[in-house]
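The values are calculated or read from the model by the stated rules, or taken from the named source; none is laboratory data. Note that this is a predicted model, so its numbers are computed, not measured. Here the Cβ positions follow ideal geometry from the backbone for every residue, glycine too, while neighbour counts run over all protein chains shown.
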Amino acid sequence: RWARTDGGEAGLHPSNLHDNPYAVGAIDFTGDMPIILGPDGPSLGGFVCPAVIARDEQWKMGQMKPGDRVRFHPLARPADPVAGPVVQRVPEASSPILARRTDGPVQVVYRRQGDDNLLVEFGDMRLDIALRLRAHLLSQAVSDAKLPGLIDITPGIRSLQLHYDGTRLTRMRLLGLLDEIERALPAAEDVVVPSRIVHLPLSWDDPDAQLAMRKYQDLVRPNAPWCPSNIEFIRRINGLADEAAVKSVVFDASYLVLGLGDVYLGAPVATPVDPRHRLVTTKYNPARTWTPENAVGIGGAYMCIYGMEGPGGYQLFGRTIQMWNTWRPTPEFRPGTPWLLRFFDQVRFFPVSHAELTEARAAFPHGAYPVRIEETRFSYADYAADLARDAGEITAFKTRQQAAFEAERARWKAEGLDSFTADDGVFA
């Protein structure tokens, strides 16, 4: 049973949250359907992960096969695993929260993520670009500090994950260092970061996106509220007049890239700079089993471009060109960085036909399709001034949107669509 009714701006289902980095072995609730994230899973995502499989037990993940039954048992963890975790059975798991800091500009919560990761969360659970900038500042400062034993740093929307080697850097030592570094950070409101405006072609309601919707309706959940058309669902849940209104918002928006690797291979998670362009949806429950490479969709208040063919949960509205180039450097893909986008890029779509996109997709990996990219910067002070100037219109937009959101949730409850069990599926 869920402790809340919805995920707010992260999505209608209570499992939806603002994207945060995932740990290998995390138990990820994609709506009402749990999955286990392996080493080939996404870097971050927008679903709640209440537990992580112990590091020395993760080999069992590779032994599972369809039809197996899985049971989880809580394990105690020492404060600072040295040579490796000590497995000890206990009646219940301890709290994942290791520490809090409440005397700074925003509250900071430090959470365990399994045996090898620490998740730093900033502020309240809401979409606030100032919190993303706070995570950016901490990421830069930690990287500059060159902490021994630090393996990887992954930012989320309002969080930062630190993957570390406990034999070289103890958890308590890491917490102490983070507290020192965090206290010295400048205010996020003063930050100006490099940015680029990246213009991408978009085939609206592309046939391959439509195919993904049909497969889901035919093979997974026929009665899902977002079937048969994701675009109609986006219209309805945001209180827009028609499909043309949805299309207008998407093509008018400038999507600020806040995370990379959301669904593999450099896939961006981005939100419109202007809150009046932030269409809010819920994610599929359960997830799709197939999504075409570079399909584009919205989940919560976030846009994502799928980096590869695979599962997914965002509400699809089109398709674009590649986000990842495995084979060669080109003017858009620098040597050693096969992903197209960078943090704080601003993505703007322009319309093309399916045939035009097919030609662009064939040419782009070979450097034969030029992408217009403009160098710029993102200033939080300028952004805050824009918010203040347009406050009345933003409030009116959110009020209408929230009313449609509540109406959709009430309809789900009345029709028994507010949760999913295996009995609701095609093969029940």
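Inside the stretch 214-230, can you point out the residues that are over 21 Å from LYS413 (Cβ atoms) and either small (Gly, Ala, Ser) or outside any helix (DSSP H, G or I) (or both)?
VAL220, PRO228, SER229
Count, please, the residues in the stretch 27-76 that happen to be touching a Pro at 6+ places or on another chain (Cβ under 9 Å), closer than 23 Å to THR154 by Cα and either among the small types (Gly, Ala, Ser) or surrounded by fewer than 13 Cβ atoms within 10 Å (Cβ to Cβ) (or both).
5
Just checking, which of ARG400, ARG409, ARG348, ARG319 is among the charged types (D, E, K, R) and more than 19 Å from ALA245 (Cα to Cα)?
Just one listed residue meets the conditions, ARG409.
Just to be sure I understand, how many residues within the stretch 99-140 are in contact with a Pro (Cβ under 6 Å, 6 or more places away or on another chain) and not in a strand (DSSP E or B)?
Residues flagged as in contact with a Pro (Cβ under 6 Å, 6 or more places away or on another chain) and not in a strand (DSSP E or B) within the stretch 99-140 amount to 3.
Name every residue in the stretch 399-413 that is at pLDDT 90 or above and in contact with an Asp or Glu (Cβ under 6 Å, 6 or more places away or on another chain), in order of residue number.
Selection gives nothing.
Tell me, yes or no, whether the stretch 56-66 has at least one residue that is touching a helix residue (DSSP H, G or I) at 6+ places or on another chain (Cβ under 9 Å) and either under 17 Å from ASN117 (Cβ atoms) or assigned to a helix (DSSP H, G or I) (or both).
The answer is no; no qualifying residue exists.
Looking at the structure I just gave you, is SER94 assigned by TED's automatic domain parsing to the domain that holds THR170, of a type in the set (Ser, Thr, Tyr) and either modelled with pLDDT of 95 or more or not in a loop (DSSP other than H, G, I, E, B) (or both)?
So SER94 fails the test.
Among residues belonging to the stretch 107-119 that are of a type outside the set (D, E, K, R) and crowded, with 17+ Cβ neighbours inside 10 Å, point out the one that is modelled with the lowest pLDDT.
Per the stated criteria, the residue is GLY114.
Every residue, every condition in (1) out of contact with any Lys or Arg (no Cβ under 8 Å at 6 or more places or on another chain); (2) among the hydrophobic types (A, V, I, L, M, F, W, C); (3) touching a residue at least 60 places away in the same chain (Cβ under 8 Å), yes or no:
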{"site": "ARG158", "(1), (2), (3)": "no, no, yes"}
{"site": "LEU177", "(1), (2), (3)": "yes, yes, no"}
{"site": "ARG183", "(1), (2), (3)": "yes, no, yes"}
{"site": "LEU202", "(1), (2), (3)": "no, yes, yes"}
{"site": "LYS215", "(1), (2), (3)": "no, no, yes"}
{"site": "ILE234", "(1), (2), (3)": "yes, yes, yes"}
{"site": "GLY239", "(1), (2), (3)": "no, no, yes"}
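List every residue pair whose Cβ atoms lie under 9 Å apart, where the two residues are 6 or more positions apart in sequence or sit on different chains, the first residue falls within the stretch 359-374 and is touching a residue at least 12 places away in the same chain (Cβ under 8 Å), and the second residue, located anywhere, is basic (Lys, Arg) and loosely packed, with under 13 Cβ neighbours inside 10 Å.
PRO365/ARG328; HIS366/ARG328; GLY367/ARG328
Six or more apart or on different chains, Cβ atoms under 7 Å: show the pairs whose first residue is in the stretch 30-46 and touching a residue at least 60 places away in the same chain (Cβ under 8 Å) and within 18 Å of GLY300 (Cβ to Cβ) and whose second is part of a loop (DSSP other than H, G, I, E, B) and among the charged types (D, E, K, R).
GLY31/LYS283; PRO42/ASP262; LEU44/ASP262; GLY45/ASP262; GLY46/LYS283
If ASP80 meets every condition in (1) modelled with pLDDT under 90; (2) part of a strand (DSSP E or B) apart from one, which number is that one?
All conditions pass for ASP80, except number (2).
Given (1) among the β-branched types (Val, Ile, Thr); (2) within 29 Å of ILE129 (Cβ to Cβ); (3) modelled with pLDDT of 95 or more, identify the lone condition not met by VAL352.
(2)
Return yes when ALA360 is in the same structural domain as CYS227 (by TED's automatic domain parsing), in a helix (DSSP H, G or I) and surrounded by 12 or more Cβ atoms within 10 Å (Cβ to Cβ) and no when it is not.
Against the criterion (in the same structural domain as CYS227 (by TED's automatic domain parsing), in a helix (DSSP H, G or I) and surrounded by 12 or more Cβ atoms within 10 Å (Cβ to Cβ)), ALA360 qualifies.
Can you find a residue in the stretch 318-338 that is modelled with pLDDT of 95 or more, under 28 Å from ARG400 (Cβ atoms), not aromatic (Phe, Trp, Tyr) and not in a helix (DSSP H, G or I)?
There is at least one residue in the stretch 318-338 that is modelled with pLDDT of 95 or more, under 28 Å from ARG400 (Cβ atoms), not aromatic (Phe, Trp, Tyr) and not in a helix (DSSP H, G or I).
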